[in-house]
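> The structure under discussion is supplied below as structure tokens; questions concerning it will follow.
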């Protein structure tokens, strides 16, 4: 598995790079797998592919605070991310793991391994709901996926030093809630892990056996996706 620890300058480019890695794996004869790690340089709101901004966001507050609102290629609900939230992305081949085409199996596989990677940070880390990781019932990671013919993109968040009050500022209560949430407001439901970004990186790299830094990444495809999709308001909103 290739390791890419790379944060690009713009929010649009960072989202586009995840999809570009999936596209490259699909077109590559060796079907390369990837672990990408990155952390936004500024706060941003990211909608799921089918999210309705007016139902999930406080759009007026996003506009007033000049927080960019973008849309990713995978499903799920809107998130707020930024400094203090490590983002991870996995591109996994399906040839030897055909069961990952089924979302339930993909969530269990990836989040089970991620939970094992983080277990040294404290007891009580578990898969909750459809695609959350939580510690003692408080969510610190939300995740989503996109499936193509031969690979999946699985990506998510790991909160470790994020200003949690910003989540309630920019997000409404989600239209769908897992049972374990028990209708708690964001500030009562979401938490930070007691660790730092460097340790999170080390634990994920070890768990996924990402053996070395990639010498190159799909720069051209990333630019194409920014121009055709992620940099366009009609895609994002």
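> Just to be sure, is residue 218 more than 23 Å from residue 114 (Cβ to Cβ) and crowded, with 18+ Cβ neighbours inside 10 Å?
yes
> Among the listed residues 17, 59, 35, 22, identify the single one that is over 17 Å from residue 152 (Cβ atoms) and in contact with a strand residue (DSSP E or B) (Cβ under 9 Å, 6 or more places away or on another chain). Talk me through it step by step, then tell me what you get.
Numbers: 17 fails: over 17 Å from residue 152 (Cβ atoms); 35 fails: over 17 Å from residue 152 (Cβ atoms); 22 fails: over 17 Å from residue 152 (Cβ atoms).
Just one listed residue meets the conditions, 59.
> Looking at this structure, is residue 67 in contact (Cβ under 8 Å) with a residue 60 or more places away in the chain and farther than 22 Å from residue 217 by Cβ? Before you say what the answer is, go through the steps one by one.
Details: in contact (Cβ under 8 Å) with a residue 60 or more places away in the chain: yes; farther than 22 Å from residue 217 by Cβ: yes.
When the stated conditions are applied, residue 67 passes them.
> Also, I was wondering about something else. Just name the residue that is farthest from residue 46 (Cα to Cα) out of those in the range 88-105 that are without any contact (Cβ under 8 Å) to a residue 60 or more places away in the chain and out of contact with any strand residue (DSSP E or B) (no Cβ under 8 Å at 6 or more places or on another chain).
Start the filter on the range 88-105 by keeping residues that are without any contact (Cβ under 8 Å) to a residue 60 or more places away in the chain, which leaves 94, 96-105.
If we keep only those that are out of contact with any strand residue (DSSP E or B) (no Cβ under 8 Å at 6 or more places or on another chain) too, we end up with 96-99, 102, 104-105.
Numbers: 96: 31, 97: 29, 98: 29, 99: 28, 102: 24, 104: 22, 105: 24 Å.
Out of the qualifying residues, it is 96.
> In the range 115-127, what count of residues is obtained for those that are within 17 Å of residue 105 (Cβ to Cβ) and surrounded by 16 or more Cβ atoms within 10 Å (Cβ to Cβ)? Steps first, please.
Let us first name the residues in the range 115-127 that are within 17 Å of residue 105 (Cβ to Cβ), namely 115-116, 127.
Then drop every residue that is not surrounded by 16 or more Cβ atoms within 10 Å (Cβ to Cβ), which leaves 115, 127.
Qualifying residue count, the range 115-127: 2.
> Which condition number does residue 220 fail, the rest of (1) part of a helix (DSSP H, G or I); (2) in contact (Cβ under 8 Å) with a residue 60 or more places away in the chain being met?
(2)
> Pairs needed: first member in the range 162-189, under 17 Å from residue 128 (Cβ atoms); second member anywhere, loosely packed, with under 13 Cβ neighbours inside 10 Å; C-beta distance under 7 Å; at least 6 residues apart or different chains.
177/183
> May I pose another question? Taking the conditions exactly as written (modelled with pLDDT of 95 or more and surrounded by 16 or more Cβ atoms within 10 Å (Cβ to Cβ)), does residue 44 satisfy them or not? Break it down into steps so the answer makes sense when it comes.
Numbers: modelled with pLDDT of 95 or more: yes; surrounded by 16 or more Cβ atoms within 10 Å (Cβ to Cβ): yes.
Criteria met by residue 44.
> I've got another one for you. Given the conditions (1) surrounded by 16 or more Cβ atoms within 10 Å (Cβ to Cβ); (2) farther than 23 Å from residue 20 by Cβ; (3) in contact with a helix residue (DSSP H, G or I) (Cβ under 8 Å, 6 or more places away or on another chain), which single one is not true for residue 162?
So residue 162 meets the others, but not (3).
To keep it simple, each residue is scored yes or no on (1) assigned to a loop (DSSP other than H, G, I, E, B); (2) in contact (Cβ under 8 Å) with a residue 12 or more places away in the chain.
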site	(1), (2)
30	yes, no
42	yes, yes
46	no, yes
60	no, no
76	yes, yes
83	yes, yes
86	no, yes
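> Among the residues of the range 170-199, which ones are surrounded by fewer than 16 Cβ atoms within 10 Å (Cβ to Cβ), assigned to a helix (DSSP H, G or I) and in contact with a helix residue (DSSP H, G or I) (Cβ under 7 Å, 6 or more places away or on another chain)?
Across the range 170-199, the qualifying residue is only 187.
> Residues in the range 129-145: is at least one farther than 22 Å from residue 190 by Cβ and either crowded, with 21+ Cβ neighbours inside 10 Å or within 18 Å of the chain's Cα centre (by Cα) (or both)? First the steps, then the outcome.
Step one: of the range 129-145, the residues farther than 22 Å from residue 190 by Cβ are none.
The answer is no; no qualifying residue exists.
> Do the conditions hold for residue 162, that is, is it assigned to a loop (DSSP other than H, G, I, E, B) and within 18 Å of residue 88 (Cα to Cα)? I'd like the intermediate steps shown before the answer.
Working: assigned to a loop (DSSP other than H, G, I, E, B): yes; within 18 Å of residue 88 (Cα to Cα): yes.
Criteria met by residue 162.
> When residues of the range 106-153 are filtered for being within 25 Å of residue 183 (Cβ to Cβ) and in contact (Cβ under 8 Å) with a residue 60 or more places away in the chain, how many remain?
Keep residues of the range 106-153 that are within 25 Å of residue 183 (Cβ to Cβ), which gives 107, 111, 115, 124-144.
Those left that are additionally in contact (Cβ under 8 Å) with a residue 60 or more places away in the chain: 142-144.
The total comes to 3.
The values are calculated or read from the model by the stated rules, or taken from the named source; none is laboratory data. Computed from a prediction, not measured in an experiment: that's the story for all the values here. Because the Cβ atoms are built from the backbone with ideal geometry, glycine has one as well, and the counts that use them run over all protein chains shown.
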